[in-house]
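The values are calculated or read from the model by the stated rules, or taken from the named source; none is laboratory data. In this text, all values refer to a predicted model and were calculated from it rather than measured experimentally. Please note: Cβ atoms are built from the backbone with ideal geometry, for glycine as well, and neighbour counts cover all protein chains shown.
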2 protein chains.
Amino acid sequence: MKKHIYIYSPSSAVRDKAAFKRGVKRLRALGHEVEIDEAALATHQRFAGDDATRVAAISRAAASGADVALISRGGYGLTRILDAIPYKAVAKAIHDGTEFVGLSDFTAFQNALLAKTGSVTWAGPAVGEDFGAEGGADDIMEACFDDLLGGQGEGTGWRMPARDVDGLAPLRGIHGAVLWGGNLCVLTSLLGTPYFPSIDKGVLFLEDVNEHPYRVERMLDQLRQAGVLARQKAVILGHFTGIRKVSHDRGFSMKTVAARLRELIKPPVLTGLPFGHVPTKVLLPVGAKVEVAADGRDVFMVWGHRHAH
Amino acid sequence: MKKHIYIYSPSSAVRDKAAFKRGVKRLRALGHEVEIDEAALATHQRFAGDDATRVAAISRAAASGADVALISRGGYGLTRILDAIPYKAVAKAIHDGTEFVGLSDFTAFQNALLAKTGSVTWAGPAVGEDFGAEGGADDIMEACFDDLLGGQGEGTGWRMPARDVDGLAPLRGIHGAVLWGGNLCVLTSLLGTPYFPSIDKGVLFLEDVNEHPYRVERMLDQLRQAGVLARQKAVILGHFTGIRKVSHDRGFSMKTVAARLRELIKPPVLTGLPFGHVPTKVLLPVGAKVEVAADGRDVFMVWGHRHAH
């Protein structure tokens, strides 16, 4: 199943060029035709080229006719250029069969595009950190990516940590809910702007990295106080990694943050979603309608059959 | 000029008890009657007592009849309890002559109170870090605090860094503009919620600590993309401290962040405000109407005579 994969850099400069090369090599070893954007390795300050360069790279990705437009990496850079992204051209490319895949800073692109056009993109891997991972790419991630390429990915399932199931009623009846979200910090940085999607009765998934639980809590509180969480059918937490506990936390942790969230909002809070800054990640269609069901520790999310190209 | 000062802890637990004691001692040495809230040194997880305890402490501060209600320290805790703060009681206390003073996490309290009641509070020192500073309290901070106590503080002035004056036209004609803002991160965490003040034609001042310039920029972009900055008569930057540069910044810095901001928004961006996580800080009336004028490097902000108690 040879596919055309277009690699571009909308965010931070690629610093780990060895990982980038490994990622490209891996994608080629999987049999794909890999096209690398001319500015994929550009550098301007922290960024993969200046703002105009990165906007042009997004345009080229949209015009590439590729099956998948895949980010080289996340980092920082997309919120700066939200006013300049060619949303209509990206939406047209998606309509014509290009799937946009990425994560982290890419959350800004995905949710802004959803707000502006309703188009579906995929929360998923990046070239360097995932396909170029030093120990080799993760099997589950690659299987999910392969499902996307083959038009076979119809859903995902996972087991919640036992401690989070206590008191959680079996969950039924979430149908046709829009899946959205991604990186909590990046998503929250859209709140109050025209780039924050207005999704009612959706399913909001969140992950983050290198954010202390007090910052995670403050961001969740902001979404809650803005009325966003209460309007959802479910909130799903992925991995929150890179947390450095300090002695004066004195029991304050992601565990207490999640427990408090559960007390404060009405929608069920599901946990354990295999997504975030971790090797084993599923691909998730941001903007697509999903069904969600949970029974005990088992959660299923189904987005149905999507068109294969 | 003996005044009654009420010290309470609405945010993080007081960890540096020596600094707290030095601060109390200093305020007493200045001749004041210092009253310490019963929960000022309480601890629950990271917090100065659980949420109910800190809300009750705010109520006691409001009921204290003190001339000044002063926070022991900032940290984190106020955004958690924004739904529970007794705004009306605080507004009444302010009307009856109690000035609420603080900074950092206190920004959430100040701007939420402004949004809910229009009451004026003071961006200014905390007990521990300022009055209890190891080398002694800062002279200018104490003089400004003294001005507040005596009802003498009618404004402030400072010199901008020479590099930021280039191309800045002399600034006149800002009258009756509401001064608001404080800590950028805390203020931004109110955006989209009912606690974010809706201020048109105001003067927005901002400072932050331990935030990399890319995060500062992302927050400024959020305020800009939300339309907040364009609606102001001026944006004033105080100190941004504790920044750890990294090698891959490659020239990206607070300097480039401020320069870009100046290009992107119409209101003038003034810099060098002596406020933030620095010893030498002025006191600023959040919610009061101010006049601002700038000529070359010199900036003046006047809020006129406020009632002395």
Practice item. Sort out which residues of the range B:225-248 are more than 8 Å from chain A (Cβ to nearest Cβ) and assigned to a helix (DSSP H, G or I), and write them in order of number. Key: B:Ser247
Review point. Is the range B:3-14 home to any residue that is farther than 18 Å from A:Arg250 by Cα, surrounded by fewer than 19 Cβ atoms within 10 Å (Cβ to Cβ), more than 14 Å from chain A (Cβ to nearest Cβ) and among the hydrophobic types (A, V, I, L, M, F, W, C)?
Key: no
Review point. Which members of the range A:95-118 meet the condition of being within 13 Å of A:Tyr6 (Cβ to Cβ) and of a type outside the set (D, E, K, R)?
Key: A:Gly97, A:Thr98, A:Phe100, A:Val101, A:Gly102
Review point. For residues in the range B:66-81 being within 14 Å of another protein chain (Cβ to nearest Cβ) and either of a type outside the set (Gly, Ala, Ser) or touching an Asp or Glu at 6+ places or on another chain (Cβ under 6 Å) (or both), which is farthest from A:Arg218 (Cα to Cα)?
Key: B:Arg73
Point to revise | Pair list, Cβ under 7 Å, 6 or more apart: the range A:192-211 residue more than 10 Å from A:Val228 (Cα to Cα), other residue hydroxyl-bearing (Ser, Thr, Tyr) | key: A:Val209/A:Thr241
Exercise for review: Return yes or no: is A:Ala108 surrounded by 18 or more Cβ atoms within 10 Å (Cβ to Cβ), modelled with pLDDT of 95 or more, within 14 Å of chain B (Cβ to nearest Cβ) and assigned to a helix (DSSP H, G or I)?
Suggested key: yes
Revision key, fill the gap. Filtering the range B:44-56 down to residues that are surrounded by fewer than 24 Cβ atoms within 10 Å (Cβ to Cβ) and more than 10 Å from chain A (Cβ to nearest Cβ) yields B:Gly49, B:Asp50, B:Ala52, B:Thr53, B:Val55, B:Ala56
Check your understanding: Checking B:Cys144 against (1) more than 16 Å from the chain's Cα centre (by Cα); (2) not assigned by TED's automatic domain parsing to the domain that holds B:Thr256, which single condition isn't satisfied?
Key -> (1)
Review point. In the range B:111-138, what count of residues is obtained for those that are closer than 17 Å to B:Val24 by Cα and part of a loop (DSSP other than H, G, I, E, B)?
Key: 10
Point to revise | Unmet criterion (only one of (1) within 14 Å of chain B (Cβ to nearest Cβ); (2) within 26 Å of A:Pro125 (Cα to Cα); (3) out of contact with any strand residue (DSSP E or B) (no Cβ under 8 Å at 6 or more places or on another chain)) for A:Pro213 | key: (3)
Point to revise | Where B:Gln222 falls short, out of the listed (1) outside any loop (DSSP other than H, G, I, E, B); (2) within 14 Å of another protein chain (Cβ to nearest Cβ); (3) free of Cβ contacts under 8 Å to residues at least 12 places away in the same chain | key: (3)
Revision key, fill the gap. Residue set A:Ala91, A:Ala63, A:Ala84; condition within 14 Å of chain B (Cβ to nearest Cβ) and over 22 Å from A:Asp130 (Cβ atoms); output residue A:Ala84
Review point. Scanning for something farther than 28 Å from B:Pro86 by Cβ and in a helix (DSSP H, G or I), does the range B:178-185 turn up at least one residue?
Key: no
Practice item. Quick one: A:Gly49 ticks every box in (1) over 24 Å from A:Lys281 (Cα atoms); (2) outside any helix (DSSP H, G or I); (3) out of contact with any helix residue (DSSP H, G or I) (no Cβ under 9 Å at 6 or more places or on another chain) except a single one, so which number is it? Key: (3)
Exercise for review: Taking B:Ala91 as the residue in question, decide whether it is aliphatic (A, V, I, L, M), surrounded by fewer than 21 Cβ atoms within 10 Å (Cβ to Cβ) and part of a helix (DSSP H, G or I).
Suggested key: yes
Exercise for review: Search the range A:254-309 for residues being among the aromatic types (Phe, Trp, Tyr) and not in a strand (DSSP E or B), and hand back the single one that is nearest to A:Phe145 (Cα to Cα).
Suggested key: A:Phe275
Practice item. Residue by residue through the range A:258-275, note down the ones that are within 14 Å of chain B (Cβ to nearest Cβ) and either in contact with a strand residue (DSSP E or B) (Cβ under 8 Å, 6 or more places away or on another chain) or buried (at least 21 other Cβ atoms within 10 Å of the Cβ) (or both). Key: A:Leu261, A:Ile265
Exercise for review: Identify all residues within the range A:122-147 that are surrounded by fewer than 17 Cβ atoms within 10 Å (Cβ to Cβ) and not acidic (Asp, Glu); write none if there are none.
Suggested key: A:Gly135, A:Gly136, A:Ile140, A:Ala143
Practice item. Select from the range B:15-34 the residues that are surrounded by 14 or more Cβ atoms within 10 Å (Cβ to Cβ) and part of a loop (DSSP other than H, G, I, E, B) and list them in ascending order. Key: B:Arg15, B:Asp16, B:Leu30, B:His32
Exercise for review: Output the residues belonging to the range A:200-213 that are touching a Gly at 6+ places or on another chain (Cβ under 9 Å) and either farther than 18 Å from A:Pro267 by Cα or hydrophobic (A, V, I, L, M, F, W, C) (or both).
Suggested key: A:Val203, A:Leu204, A:Phe205, A:Leu206, A:Asp208, A:Val209, A:Asn210, A:Glu211
Point to revise | Unique match (being out of contact with any Ser or Thr (no Cβ under 7 Å at 6 or more places or on another chain) and either surrounded by fewer than 18 Cβ atoms within 10 Å (Cβ to Cβ) or within 9 Å of chain A (Cβ to nearest Cβ) (or both)) among B:Gly202, B:Gly150, B:Gly181 | key: B:Gly150
Review point. Which ones in the range A:156-177 are exposed (fewer than 12 other Cβ atoms within 10 Å of the Cβ) and assigned to a helix (DSSP H, G or I)?
Key: A:Ala162, A:Arg163
**Study point:** Single unsatisfied condition, A:Thr193 versus (1) part of a strand (DSSP E or B); (2) at the interface with chain B (Cβ under 9 Å from one of its Cβ atoms); (3) of a type in the set (Val, Ile, Thr)
**Key:** (1)
Check your understanding: Within the range B:192-200, is there a residue that is among the polar types (S, T, N, Q), within 23 Å of B:Val278 (Cβ to Cβ) and either outside the structural domain of B:Ala115 (by TED's automatic domain parsing) or under 18 Å from the mean Cα position of the chain (by Cα) (or both)?
Key -> no
Exercise for review: Might you let me know whether the range A:159-180 holds any residue that is under 15 Å from A:Val278 (Cα atoms) and modelled with pLDDT of 95 or more?
Suggested key: no
